[in-house]
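Visitor: The structure under discussion is supplied below as C-alpha cells; questions concerning it will follow.
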Amino acid sequence: VGTYTINAHVFLPIGVSLMGEGDNTILLGNYYTASESYGIVSLYSYPSQGVNGNQSISHLQFDGQDETAYAAIVVFGRSNVKIHDVYIHDFKVIGIYLRGGCVRSGGYEGNVGAAPSTYETGNEIYNCRLINNGNNIQLNSQSDPIIHDNIITETKSHSPGSYGHIVAGWGEWFKGLKFYNNTCRKALIDPDGNWNFHFEVGTTHGGNEVYNNVFYNGTALDIASWENLKGAYDYSW
C-alpha cells in the first residue's frame, strides 16, 4: 500500500511478477517519453521475440496524471504475460501495449507492412479497468491473445498523436484474438471529430472472436482493411 512516483522506466526482468494491494497501491507516471517501446513499467526483451516471460502484473493502480505520462505498461517481445486486476487511467497514448516485432508502417491503402516472423503467445488481460488512455489496449504481433472481463472507457479528448480507441491494431498483425465479457464505452460523438470506433484493427491472420461484450456508443468494430485473412483458421472474424 502506498503511492510511488515513477520518474524513469521501470524494467521488469523475465520471470519477475509485480503485485500490489489494489487501488491503494498507486504508481504515478511523472515523466513523458514519446516512445511506444516503453511504459512506466516495461517488460522489454526486443530484439528477441517470443521470450517466455512467465510473469504477471496485478492489483495496482497506474495513474498517468492527466497525460503527464505516455504509456502505462508495454510488453515488448515477451510471451506468457498476465495483466489482471489493475486500474489504468489518464495516460497520454497507451494503457497496455502487447507488442512484438512487426513494424507498423503507419500507411493506409495497403501500405501496412509485413507480418512478423515470430508471434508473441499466451498473453492475457483480464479483470482490469482502463479509463481514457488514448489507445487503451494496443496489439502487435500477438497470437491468441485473450482479453476478458474488463471495463474499458475512452471518452476524453486527447491532443493529436493519440487515437482514442478501446482496442487498436492497424497494420500490426495479430491472430486468434478472444475478446469477451468486456464492457466498453465511447463518447456519444468522438470529442476530436474522428471516426468513433471502439476497435480499429486490420492486418490479421484469422481466428478472431469478439463475443458477449457490451459496447456503448460509437461503432463497435472497424475491421475493414487489407490483409484480414483466415490464415490457418476456419475464419478471419
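Visitor: Cβ-Cβ below 8 Å, separation at least six or inter-chain, first residue in region 224-237 and touching a residue at least 12 places away in the same chain (Cβ under 8 Å) and closer than 12 Å to TRP173 by Cα, second part of a loop (DSSP other than H, G, I, E, B) and open to solvent by 80 Å² or more (accessible area, probe 1.4 Å): which pairs?
Guide: Taking only residues 6 or more apart or on different chains, the pairs are TRP226/GLU109.
Visitor: Tell me, which residue of region 211-220 that is in a strand (DSSP E or B) and open to solvent by 70 Å² or more (accessible area, probe 1.4 Å) is nearest to ALA187 (Cα to Cα)?
Guide: Ranking the candidates gives TYR216 first.
Visitor: With the requirement that a residue be assigned to a strand (DSSP E or B), open to solvent by less than 20 Å² (accessible area, probe 1.4 Å) and farther than 15 Å from GLU36 by Cβ, what does region 155-183 give you?
Guide: The answer is ILE166, VAL167, PHE174, PHE179.
Visitor: Do the conditions hold for ASP66, that is, is it open to solvent by 50 Å² or more (accessible area, probe 1.4 Å), free of Cβ contacts under 8 Å to residues at least 40 places away in the same chain and either on the phi > 0 side of the Ramachandran plot or among the polar types (S, T, N, Q) (or both)?
Guide: yes
Visitor: Only one of SER56, SER35, SER17 is buried (at least 17 other Cβ atoms within 10 Å of the Cβ) and hydroxyl-bearing (Ser, Thr, Tyr); which?
Guide: Result: SER56 is the single residue among SER56, SER35, SER17 that is buried (at least 17 other Cβ atoms within 10 Å of the Cβ) and hydroxyl-bearing (Ser, Thr, Tyr).
Visitor: Do you know which residues across region 22-36 are in a loop (DSSP other than H, G, I, E, B) and in contact (Cβ under 8 Å) with a residue 40 or more places away in the chain?
Guide: Within region 22-36, GLY22, ASP23, TYR32, ALA34, GLU36 qualify.
Visitor: Still on this structure: Kindly indicate whether any position in region 200-210 is buried (at least 18 other Cβ atoms within 10 Å of the Cβ), of a type in the set (Val, Ile, Thr), in a strand (DSSP E or B) and without any contact (Cβ under 8 Å) to a residue 60 or more places away in the chain.
Guide: Yes; the residues of region 200-210 include at least one that is buried (at least 18 other Cβ atoms within 10 Å of the Cβ), of a type in the set (Val, Ile, Thr), in a strand (DSSP E or B) and without any contact (Cβ under 8 Å) to a residue 60 or more places away in the chain.
Visitor: For region 134-154, enumerate the residues that are open to solvent by less than 10 Å² (accessible area, probe 1.4 Å), of a type in the set (Gly, Ala, Ser) and without any contact (Cβ under 8 Å) to a residue 60 or more places away in the chain.
Guide: GLY134
Visitor: Still on this structure, please answer the following. Within region 71-83, identify whether any single residue is of a type in the set (A, V, I, L, M) and under 17 Å from HIS158 (Cβ atoms), and answer yes or no.
Guide: yes
The values are calculated or read from the model by the stated rules, or taken from the named source; none is laboratory data. Keep in mind that this is a model prediction, so the values were computed, not measured. We place every Cβ from the backbone using ideal geometry, glycine too, and count neighbours over all the protein chains shown. Side chains are part of the model used for accessible areas, which takes the heavy atoms of the whole protein and leaves out ligands, DNA and RNA. Shrake-Rupley method; radii C 1.70, N 1.55, O 1.52, S 1.80 Å.
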